[in-house]
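Below is one structure, written out as structure tokens, with a few remarks after it.
The values are calculated or read from the model by the stated rules, or taken from the named source; none is laboratory data. These numbers were taken from a predicted model, which means no experiment stands behind them. Ideal geometry is used to build each Cβ from the backbone, glycine not excepted, and the neighbour counts take in all protein chains shown. Just the protein is used for accessible areas: all its heavy atoms, side chains included, with ligands, DNA and RNA removed. Shrake-Rupley method; radii C 1.70, N 1.55, O 1.52, S 1.80 Å.
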Amino acid sequence: MFVAALAAMLTISSDAMPGNGERVTFGVDGVIGRLAVGLYAHTAVVDYDNDGAPDLIVSSPDRPYNGVYYFHNIGTKQKPLFAKAERWGPAVNDMTAADFNGDSKIDLVYRGGYFSDVRTNRLSKPVTVTLPRDYHVGRDDFYFPVDWDRDGKIDVLNGISDWRDYGWDDAFDAQGRWLRGPLHGYVYFFKNTGTNDVPIYEKPVQLPGIDTYGSPIPQAFDWFKRGVLDLFTGTFIDRMHLRKSEALQTPIEIPHRPDLCMIQPRVVDWHGDGRPSLVIGEEGGNITFLENLAPHGQQPKWAEPKYFQQKDPFVKSASLIRPVAIDWDSDGDLDIIAGNSGGYLHWIENIGTKQKAVFRDRGYLNANGKPIRRTAGPNGSVQGPAEEKWGYSNPSVADWDMDGTLDVVVNDIWGHVVWYRGIKGDRLNLEPLRDVEVEWTSQRPPKPDWVWWEPKPKQLVTQWRTTPKVVDWNRDGLPDIVMLNHQGYLALFPRQKCGTKLCLGEPQRFFLGSNGRFLYLSRGRAGASGRRKIELVDWNNDGKLDLLTDSDEGPVWYENTGSHEKPVMELRGTVVKAKLAGHNPTPNAADWNGDGKLDLLIGAEDGFLYYFDRNYINGLAQ
């Protein structure tokens, strides 16, 4: 199955992981897995070593994975396989491969310029390109050099996005209709009236009839072998189009929609025979090869898409990975259940020991025979319809119904807390989604002001992207939930017995800060709300549960200086001195090496895991 995860193993141990915050590796040499960079994959296809097999140069402009990375193809043109990444330097945006100055050498083009002759110079010869622009340039700014008007001189096509109509945040009416405009994507042509060595660009001409849903990423190619240039365009989400030169305003949709969004497609002559294929970078950092099987000049015929593979990849789950350490398969050691930006639930099984964990990637958890995936759709994200493919699954794992089998409780992009009941003896499959139900005393369950839809009776709707931490806080033997309430305060939802059933009580604000006020952890309203990743552990071994959560500086520790009956959470500062920030790095505490101390596994925006052995943590609470 195309979306299935890798079959691979990784190692966490005092030998493989020195405890200084390095990315979790597979721990053994020679593992083959899915090629991946961090968040975003801006890809250039270049046969860098001239061996006949195309290599990949990939820019990942995120944190903390940021960089331009070289992947050497140690396979063949027909069966590519890539070596582990070699970092060349800092990331650039909108990178692709092309000949910018007509010297027949391959340049790495990026926003505002290019690296000249990448085979000889790598990134050491940057050239600035100044275009006489008088139009708005938004999130995307893609330069594509091409002799568009066929006069022998290299011109520039510039694809830009415009988000001004969209406005980004909090604009649904009571029926879930988006009241602002769509994303826009336009393409401009800059005619070169100088020479290829000394270009002079005229004022831009907007190509008529092109308005994509953001991210046009224009690339020109003689697709049908007619001696004229056709145009390929993309979008912000997942659609791609081919536009014949005589009908630019009539796009032909390419019948493949990548698994994740914010795609970065590149038109490439992979086989060197003139037929254009596609190499597509996804938001999660993986790269797909979509091969065109038709001879050059004919209507494209697409093969099944394939993710590129590499040797010795890092452990990864899309982007914004949210790990939970738990003995998922009840064999006495810790596994990982992770959420991610795509809305999946990912199982990484530990087939090692308590002292030296060895993991096997078991893929995504299923319900009803399909991978569990909750995404926003057209109106589930407060930030609008452009986020339709995001899910931001934030899991907590516990025996929620107390039947002896672990379940998964999840909050996500909707802010609607649900759970999946475990199936005894089957860890890859869960029962279908159910609501986490609260015994509200009011007829209308509360919700954040900016949530356009009305919760059903007993539904728990709170701020989005915040962890529903399942824990027996009041020590009565029943699993409670601690998370942000709909207003953004850290709250306890106490579990209780209602006759023969278990029920969940209304949230109680009783976590105090050092100022004596209730602990307010939300970052703001609407799109800025929620987002808090919560871990409750006895971090300093004093018998009381403390709070670990995310911050712009990395995970921070709130010490419980009160009691379980009257908790007072005093901010003590960052737990580790590591720059992992970027969309809320998620701390998860567990003893990974069997020494009785809580170590940290941190899931970052780039989709990788970062391990900190407690004995090596350079921060607070040694």
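The table for this structure:
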| quantity | calculated |
| --- | --- |
| Those residues of the stretch 329-374 which are of a type in the set (S, T, N, Q), open to solvent by less than 10 Å² (accessible area, probe 1.4 Å) and farther than 21 Å from TRP592 by Cα, in sequence order | ASN340, SER341 |
| Top-ranked residue of the stretch 300-324 - restricted to ones that are more than 21 Å from the chain's Cα centre (by Cα) and touching a residue at least 12 places away in the same chain (Cβ under 8 Å), ranked as most open to solvent (accessible area, probe 1.4 Å) | GLU304 |
| For ALA367: the one exception among (1) out of contact with any Lys or Arg (no Cβ under 9 Å at 6 or more places or on another chain); (2) within 30 Å of GLY214 (Cα to Cα) | (2) |
| Verdict on THR405 being without any contact (Cβ under 8 Å) to a residue 40 or more places away in the chain, of a type in the set (Val, Ile, Thr), surrounded by fewer than 22 Cβ atoms within 10 Å (Cβ to Cβ) and not in a strand (DSSP E or B) | yes |
| Answer residue from the stretch 211-255, given it is touching a Phe, Trp or Tyr at 6+ places or on another chain (Cβ under 9 Å) and of a type in the set (Phe, Trp, Tyr) and is surrounded by the most Cβ atoms within 10 Å (Cβ to Cβ) among those | TRP223 |
| One residue from PRO258, PRO276 being open to solvent by less than 20 Å² (accessible area, probe 1.4 Å), under 30 Å from SER396 (Cβ atoms) and not small (Gly, Ala, Ser) | PRO258 |
| Whichever residue in the stretch 408-419 is in contact with a Lys or Arg (Cβ under 8 Å, 6 or more places away or on another chain) and open to solvent by 10 Å² or more (accessible area, probe 1.4 Å) and, among such residues, is nearest to ILE372 (Cα to Cα) | TRP419 |
| Test result for PRO208, buried (at least 17 other Cβ atoms within 10 Å of the Cβ) and either under 25 Å from the mean Cα position of the chain (by Cα) or at pLDDT 95 or above (or both) | no |
| Those residues of the stretch 268-292 which are aromatic (Phe, Trp, Tyr) and part of a loop (DSSP other than H, G, I, E, B), in sequence order | TRP270 |
| So THR466, is it touching a His at 6+ places or on another chain (Cβ under 6 Å) and under 28 Å from THR561 (Cβ atoms) | no |
| The stretch 123-181, residues that are modelled with pLDDT of 95 or more, at positive phi, open to solvent by 40 Å² or more (accessible area, probe 1.4 Å) and of a type outside the set (D, E, K, R) | GLY152 |
| Qualifying position, being at positive phi and hydrophobic (A, V, I, L, M, F, W, C), among ALA526, ALA491 | ALA526 |
| Top-ranked residue of the stretch 431-456 - restricted to ones that are under 14 Å from CYS503 (Cα atoms) and assigned to a loop (DSSP other than H, G, I, E, B), ranked as most open to solvent (accessible area, probe 1.4 Å) | THR441 |
